1. How many residues does region B:196-225 contain that are under 23 Å from B:GLY326 (Cα atoms) and part of a helix (DSSP H, G or I)?
2. Look at B:MET130 and say whether it is surrounded by fewer than 16 Cβ atoms within 10 Å (Cβ to Cβ) and aliphatic (A, V, I, L, M).
3. Name the residues in region B:126-160 that are under 15 Å from B:ILE96 (Cα atoms) and assigned to a loop (DSSP other than H, G, I, E, B), would you?
4. Which of the numbered conditions does B:ARG246 fail, given that it passes all the others? Conditions: (1) charged (D, E, K, R); (2) free of Cβ contacts under 8 Å to residues at least 40 places away in the same chain; (3) buried (at least 18 other Cβ atoms within 10 Å of the Cβ).
5. Scan region B:288-300 residue by residue and report those that are hydrophobic (A, V, I, L, M, F, W, C) and more than 7 Å from chain A (Cβ to nearest Cβ).
6. Looking only at region B:114-134, count how many residues are more than 18 Å from B:ALA84 (Cα to Cα) and touching a residue at least 40 places away in the same chain (Cβ under 8 Å).
7. Looking at B:GLY217 and the list (1) at pLDDT 95 or above; (2) in contact with a Pro (Cβ under 9 Å, 6 or more places away or on another chain); (3) over 30 Å from B:VAL46 (Cβ atoms), which single condition is not satisfied?
8. Go through (1) more than 14 Å from every other protein chain (Cβ to nearest Cβ); (2) under 26 Å from A:ALA300 (Cα atoms); (3) at pLDDT 95 or above for B:ASP144 and report which single condition fails.
2 protein chains.
Amino acid sequence: MATINDIAVKLGISKSTVSKGLNNARDISEEMRKKILETAVELGYVNKRRQKERKALCILVENMEFHTPNQFGHDIILGFKQMAEPEGWTVDIVPIDMEFQRGIPYGVFMMEHGYQASFILGLTLLDPWMNEFRTSRIPAVLYDNYVKGNPTIASVGCDSQEGFELAVRYLVSLGHKKIGLISGPLESYILKARYNAYINAMEKYGLEINENYIGLGYFVNDSTRKYVPKLLGEGVTAILFSHDVRAISAITECEDRGIRVPQDVSIVGFDDLPMTAHTLPSLTTIRQDRAAIGKCGFYALSSLLNEVAIGSILLRATLIIRDSTGPAPSGMPGLSGSGSVSPGCFPIA
Amino acid sequence: MATINDIAVKLGISKSTVSKGLNNARDISEEMRKKILETAVELGYVNKRRQKERKALCILVENMEFHTPNQFGHDIILGFKQMAEPEGWTVDIVPIDMEFQRGIPYGVFMMEHGYQASFILGLTLLDPWMNEFRTSRIPAVLYDNYVKGNPTIASVGCDSQEGFELAVRYLVSLGHKKIGLISGPLESYILKARYNAYINAMEKYGLEINENYIGLGYFVNDSTRKYVPKLLGEGVTAILFSHDVRAISAITECEDRGIRVPQDVSIVGFDDLPMTAHTLPSLTTIRQDRAAIGKCGFYALSSLLNEVAIGSILLRATLIIRDSTGPAPSGMPGLSGSGSVSPGCFPIA
């Protein structure tokens with residue numbers, strides 16, 4: 001563990017100057033203070049004194065709405081605070097973006113604010129700080145993201161494998177055989193995990209894995225518009241979606257084309273966003289218990305702060321059956337609104 | 001949630017008799033008491049009053065030594081108690097075997113002793129209680145074992161995938177290309193997980209996966225005797241073992257045959273048992289932090305008791321490099337003691 005002396009030697013300055021920098025004293029230059037903090041992070045220095053003074057955590061949020069109970073991040077943050085605050089931690093919520101990350105290294109940001117650890121929501125593999133997480137010594141828990149080989153970083157999320165297995169089993173019980181997947185591009189940890197979960201679930205139930213049953217696209221509505229008719233043209237009778245937002249977009253798309261849900265195609269989402277109970281038809285989906293994710297985030301952080309090197313926690317997934325799934329169509333899907341294919345041309349294996 | 005009334009109706013007896021049975025009153029027959037407890041378990045009844053009266057957990061242990069610090073289970077149990085007892089839980093250690101499990105259903109055992117939850121070490125997929133865990137409503141955490149689809153049962157263990165990836169990466173850096181696996185039979189969850197981890201790690205580093213590089217056998221010494229020469233005969237220069245005990249047996253076997261470790265073959269264990277530092281040569285192995293496993297076991301149980309449905313927690317694995325691994329032999333392995341193969345016949349790819 002690096003000491004104040006190590007930082008002083010490295011920078012060729014006195015220990016008292018280092019101490020001033022670490023404790024935000026006013027009588028050193030901003031430039032020097034920054035240099036001290038950056039060197040402290042580089043050497044893995046831990047400010048024990050500030051740790052004892054103040055129990056402070058932050059939740060870093062990117063690309064995720066969280067202000068109202070209907071928004072995805074709300075209950076995650078609530079669950080985390082429900083565990084953390086009774087134990088005397090203050091929890092700050094800090095929205096971040098790529099620009100912000102480029103402006104300041106993660107370690108310097110954390111040290112500047114005296115945060116001992118962070119819970120991180122919404123980052124993708126492309127985010128600038130992800131690189132720093134590979135070597136950071138500050139305990140952090142990532143939601144739906146994973147950093148290899150760093151024992152101070154843990155991951156929490158919902159078990160995609162269990163979720164898609166439940167969905168595929170249910171669809172098979174309804175007579176579906178050709179089941180498709182529509183997802184975002186595989187540039188995030190969680191989308192890769194869901195893609196693999198889909199492949200494994202299909203394999204497990206002995207169903208055909210066919211690249212023509214899979215559509216990956218960045219823009220939600222564009223890819224729905226492209227892939228829903230394409231998959232139906234391949235004879236797919238049920239589609240899993242990587243997220244509810246895509247599944248809801250597909251319901252709208254089907255309505256526009258006169259494709260009936262679930263008579264012509266069954267649709268399954270992932271997340272159980274509050275709005276999914278109120279779409280028409282209401283959405284069958286895989287529930288992530290978001291308050292539980294927040295609670296687990298705190299469990300994982302506590303364990304890292306106690307030097308118990310949790311790598312990952314996976315929560316159980318639950319299949320919520322609503323009206324967007326039904327028996328597989330038997331020969332006459334009736335896709336009267338679908339321009340590119342005519343009804344009756346979908347042989348059901 | 002079932003009530004005392006539900007049990008009374010089901011058995012056609014009065015509520016006060018049910019209550020007596022649930023609270024171990026002396027003035028009802030043993031037979032009736034058992035029937036009441038079994039019905040309570042069947043209906044999913046939770047004895048809230050006893051829960052409040054007494055905070056009691058048990059650790060069920062099968063096939064695992066734990067009495068002295070050198071034994072595998074010791075630190076797991078210690079870690080668990082270190083978390084649980086300060087929070088006011090009493091923790092009983094209960095050694096069990098197949099016979100014991102056949103004698104009493106798990107739910108009845110738990111209810112009879114007033115345990116609210118259990119931490120379970122050492123059971124395999126063949127154990128009689130495993131079947132009951134599929135539907136049990138009593139929170140339980142299994143070490144190195146997994147029950148699908150039951151949100152009151154969680155799993156904790158060390159990340160086999162990460163462990164074998166670290167080991168294979170290290171062996172590749174030493175020039176090894178043909179890397180073998182010797183393991184027990186794939187009838188336990190954890191051995192299946194390690195087998196898959198081996199396959200994935202080999203794939204990840206672009207190494208040949210060949211069934212002739214793999215030896216699976218029940219009896220430790222018998223399978224070592226059979227598979228070590230067989231794998232070396234295939235040109236394998238490094239062997240991963242599913243457990244330290246097998247790796248240590250292989251070191252002895254190599255010594256008997258005049259095969260030098262690590263000059264002729266590198267050996268990597270899994271677990272980091274205390275004795276592995278003192279074998280000759282000392283064993284390179286993948287460490288499971290056993291105290292951390294115990295602590296995580298309690299984290300997971302706490303979360304289940306708070307209705308946060310953790311499915312699994314995986315701890316980080318660490319590669320501990322000692323003397324049983326070295327550079328890949330370059331053409332003349334010098335297996336003078338190996339009867340079935342002559343030296344020099346191992347082409348190194």
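The values are calculated or read from the model by the stated rules, or taken from the named source; none is laboratory data. Worth saying up front: this structure is predicted, and the values here are computed from it rather than measured. Cβ placement follows ideal geometry from the backbone for every residue including glycine, while neighbour counts extend to all protein chains displayed.
1. Filtering region B:196-225 for residues under 23 Å from B:GLY326 (Cα atoms) gives B:197-210, B:212-215, B:224-225.
From what is left, the residues that are part of a helix (DSSP H, G or I) are B:197-204, B:212-213, B:224-225.
Residues flagged as under 23 Å from B:GLY326 (Cα atoms) and part of a helix (DSSP H, G or I) within region B:196-225 amount to 12.
2. Numbers: surrounded by fewer than 16 Cβ atoms within 10 Å (Cβ to Cβ): no; aliphatic (A, V, I, L, M): yes.
Spelling it out, it is not the case that B:MET130 is surrounded by fewer than 16 Cβ atoms within 10 Å (Cβ to Cβ) and aliphatic (A, V, I, L, M).
3. If the condition is that a residue be under 15 Å from B:ILE96 (Cα atoms) and assigned to a loop (DSSP other than H, G, I, E, B), then B:LEU126, B:ASP127 are the ones that fit.
4. Every listed condition holds for B:ARG246 apart from (2).
5. Of region B:288-300, the ones hydrophobic (A, V, I, L, M, F, W, C) are B:291-293, B:296, B:298, B:300.
The answer is B:ALA291, B:ILE293, B:PHE298, B:ALA300.
6. Step one: of region B:114-134, the residues more than 18 Å from B:ALA84 (Cα to Cα) are B:122-134.
Applying the additional criterion that residues be touching a residue at least 40 places away in the same chain (Cβ under 8 Å) yields B:122-127.
Total meeting the criteria: 6.
7. Among (1) at pLDDT 95 or above; (2) in contact with a Pro (Cβ under 9 Å, 6 or more places away or on another chain); (3) over 30 Å from B:VAL46 (Cβ atoms), B:GLY217 violates only (1).
8. Of everything listed in (1) more than 14 Å from every other protein chain (Cβ to nearest Cβ); (2) under 26 Å from A:ALA300 (Cα atoms); (3) at pLDDT 95 or above, B:ASP144 misses just condition (3).
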